[in-house]
Amino acid sequence: MSTAVTAEQVEARVLAALVTFGADADVVSRDATWEQLEVDSLDLVELAQVVEDEYNVEITSQDMQHLLTVGHVVDMVVERAA
Amino acid sequence: MSRAVAITGVGAVSPLGVGARTLHERWTAGRSGIEDGLGRASEFDPLSVLTAKEARRADRCTQLALAASDEALADAGWDGDRPYDPDRVGAIIGTGIGGITTLVTNQDVLRERGPTKVAPLGIPLMMANAPAGAVSMRHDLRGPSYGTVSACSAGAHAIGTAMRMIQSGEADAVVCGGAESALVDLSIASFAALEASSPIGISRPFDALRDGFVMGEGAGVLVLENAELAKQRGARVLGELIGYAATSDAHHLTAPHPDGEGAVRAILLALRDAGIAPEDVDYVNAHGTSTPLNDLAETNALKRALGQHAYEIPVSSTKSAIGHLLGAAGAVEAVATLLALRDRVAPPTINYEHPDEACDLDYVPNTARPLAVSGDAPVAISNSFGFGGHNAVLALRGVAA
């Protein structure tokens, strides 16, 4: 990928995906935890698919075990897309 | 197996609208829910009962089951404190095909975008036990839960299975029924290729010009309780499930036995299970699909099972008004039958215009009429017959006047 992926772009995309999955639009934020958003393992698999589609970044379910907030996912995507 | 089984709540979503009473009132008024040759539950909005997340986690067949289960539990007075230990309550929901909308959508993704793009929700949404699992989870029902899978008799098998669970003492109550949403090109094309569905798109059971069924979607759910326990808790009882039987034709993949042999046995065994005689039956809710084969075989079966009495009682088909709901049919029709008994009305077979010499029972053509009741409380049987040769018959009794 030639264009740089910014944290703002990724955050907006991830938050939009989570809202599509049914998370409360008023609650989603960079610092929100999956528990607060009622996001479960099935949502995270779908989120990984969205991220791979959009940024060509693979996040495995093992990676996901260490990613506890929206911000953690955003940071990993930005790092791996660089 | 002596325990009596009370029906304390019902719910339905059908092409005639949302709600069991809506189904009953509109059918009795002779209205049709079929448009352009299909029976869509077009008044159903999943987001009126489910959150966005819940709706996304459920194929439409499961969404319909959840809506009908909410209604049935509220109708039974279970929407506040639960009357039973959740470990003693089961959930048995049948379906003919399951989440086929999910299946075909994911098949398209697989073909067009490859295996890594297929949704993780594909399997859990399409599996045929998804409606049962979802109903169990939604209402915290922790007794036995599973789906029954027997094509167009799945809903009736679910109710019969639930009845047996209560009679055996395995459960104090069971939330049971059927759900189907298969109005996708694949099933429409396959039923058309089988020449099972109506090319002209009219559901007219027992009419001489009938040319096949009209596919519909929906769900029906009943709350069954051990009648003794229902009485103890002061439940309002809508009626009783007094008999059930299931048999098999062992004859052909799709065609009924021409003499209705398996159907006759199912009817007679259901009457025996209920401890009643043919003369005690006041109303027959027919399977009545509007296919040339079924309606003839079913008419013959009713005559063989009930004798002369078959000519003396109303026999009508809910499918004339809503089409064929496949795995939901037996459940939606059990709900419709129970409410007909409750109001003591024989709902009509609509679109009936051309009598067929070979189908010569009283099909209640086009207009409902008061139901003549021979005993203290009205009794009906509801027939369901499925591809595969599965026959299931329920016997229901309304409350005494």
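Residue-wise test of (1) in contact with a strand residue (DSSP E or B) (Cβ under 6 Å, 6 or more places away or on another chain); (2) closer than 29 Å to B:Gly98 by Cβ.
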{"residue": "B:Ala328", "(1), (2)": "yes, yes"}
{"residue": "B:Ala331", "(1), (2)": "yes, yes"}
{"residue": "B:Ala334", "(1), (2)": "yes, yes"}
{"residue": "B:Arg344", "(1), (2)": "no, no"}
{"residue": "B:Asn351", "(1), (2)": "no, no"}
{"residue": "B:Thr367", "(1), (2)": "no, no"}
{"residue": "B:Val373", "(1), (2)": "no, no"}
{"residue": "B:Pro378", "(1), (2)": "yes, no"}
{"residue": "B:Ser384", "(1), (2)": "yes, yes"}
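So, in region B:77-91, of the ones that are in contact (Cβ under 8 Å) with a residue 60 or more places away in the chain and under 23 Å from B:Arg164 (Cβ atoms), which residue ends up nearest to the other protein chains (Cβ to nearest Cβ)?
Per the criteria, the residue is B:Ala91.
Out of all the residues in region B:57-76, which are open to solvent by less than 20 Å² (accessible area, probe 1.4 Å), of a type in the set (A, V, I, L, M, F, W, C) and away from every other protein chain (no Cβ under 14 Å)?
Of everything in region B:57-76, those that are open to solvent by less than 20 Å² (accessible area, probe 1.4 Å), of a type in the set (A, V, I, L, M, F, W, C) and away from every other protein chain (no Cβ under 14 Å) turn out to be B:Cys61, B:Leu64, B:Ala65, B:Leu66, B:Ala67, B:Ala68, B:Ala72, B:Leu73, B:Ala76.
Going by the conditions given, is B:Pro115 farther than 28 Å from B:Asp85 by Cα and within 14 Å of another protein chain (Cβ to nearest Cβ)?
In short, yes.
Testing A:Arg30 on (1) over 19 Å from B:Ala52 (Cα atoms); (2) within 10 Å of the chain's Cα centre (by Cα); (3) open to solvent by less than 30 Å² (accessible area, probe 1.4 Å), one condition comes back false. Which one is that?
In the conditions (1) over 19 Å from B:Ala52 (Cα atoms); (2) within 10 Å of the chain's Cα centre (by Cα); (3) open to solvent by less than 30 Å² (accessible area, probe 1.4 Å), A:Arg30 misses (3) alone.
Output the number of residues of region B:137-146 satisfying the condition of being over 19 Å from the mean Cα position of the chain (by Cα), without any contact (Cβ under 8 Å) to a residue 60 or more places away in the chain and surrounded by 18 or more Cβ atoms within 10 Å (Cβ to Cβ).
Residues that pass the stated criteria total 2.
For A:Gln49, work out the one condition from (1) more than 13 Å from A:Val14 (Cα to Cα); (2) of a type in the set (S, T, N, Q); (3) within 12 Å of chain B (Cβ to nearest Cβ) it doesn't fulfil.
It is condition (1) that A:Gln49 fails.
In the set B:Ala162, B:Ala132, B:Ala154, B:Ala128, which member is in contact (Cβ under 8 Å) with a residue 12 or more places away in the chain, within 20 Å of B:Ile188 (Cα to Cα), more than 14 Å from every other protein chain (Cβ to nearest Cβ) and out of contact with any Asp or Glu (no Cβ under 9 Å at 6 or more places or on another chain)?
Result: B:Ala128 is the single residue among B:Ala162, B:Ala132, B:Ala154, B:Ala128 that is in contact (Cβ under 8 Å) with a residue 12 or more places away in the chain, within 20 Å of B:Ile188 (Cα to Cα), more than 14 Å from every other protein chain (Cβ to nearest Cβ) and out of contact with any Asp or Glu (no Cβ under 9 Å at 6 or more places or on another chain).
Would you point out which residue out of A:Ala7, A:Ala16 is in contact (Cβ under 8 Å) with a residue 40 or more places away in the chain and open to solvent by 20 Å² or more (accessible area, probe 1.4 Å)?
That would be A:Ala7, the only listed residue that is in contact (Cβ under 8 Å) with a residue 40 or more places away in the chain and open to solvent by 20 Å² or more (accessible area, probe 1.4 Å).
Count, please, the residues in region B:77-111 that happen to be small (Gly, Ala, Ser) and open to solvent by 10 Å² or more (accessible area, probe 1.4 Å).
Number satisfying all stated conditions: 3.
When you look at B:Ala179, is it of a type in the set (A, V, I, L, M, F, W, C), open to solvent by less than 10 Å² (accessible area, probe 1.4 Å) and under 20 Å from B:Ile322 (Cα atoms), yes or no?
When the stated conditions are applied, B:Ala179 passes them.
Going through region B:30-45 one residue at a time, which ones are crowded, with 20+ Cβ neighbours inside 10 Å and outside any loop (DSSP other than H, G, I, E, B)?
B:Gly39
Report the residue count in region B:321-347 for those that are part of a loop (DSSP other than H, G, I, E, B) and surrounded by fewer than 24 Cβ atoms within 10 Å (Cβ to Cβ).
1
Please tell me if A:Leu15 is within 22 Å of B:Ala119 (Cα to Cα) and under 10 Å from the mean Cα position of the chain (by Cα).
Criteria met by A:Leu15.
Check region B:26-44 and report whether any residue there is away from chain A (no Cβ under 14 Å), over 23 Å from the mean Cα position of the chain (by Cα) and not basic (Lys, Arg).
No, there is no match, as no residue in region B:26-44 is away from chain A (no Cβ under 14 Å), over 23 Å from the mean Cα position of the chain (by Cα) and not basic (Lys, Arg).
Among the residues of region B:281-304, is any small (Gly, Ala, Ser) and either over 24 Å from B:Arg26 (Cα atoms) or at pLDDT below 95 (or both)?
Yes, the conditions are met somewhere in region B:281-304.
Does B:Ala297 fit the bill of being without any contact (Cβ under 8 Å) to a residue 40 or more places away in the chain and within 24 Å of B:Glu180 (Cβ to Cβ)?
no
The values are calculated or read from the model by the stated rules, or taken from the named source; none is laboratory data. These figures come from a predicted structure and were not determined experimentally. All Cβ positions, even for glycine, are placed from backbone atoms using ideal geometry, and neighbour counts span all protein chains on display. For accessibility, only protein heavy atoms count, side chains too; no ligands or nucleic acids. Shrake-Rupley method; radii C 1.70, N 1.55, O 1.52, S 1.80 Å.
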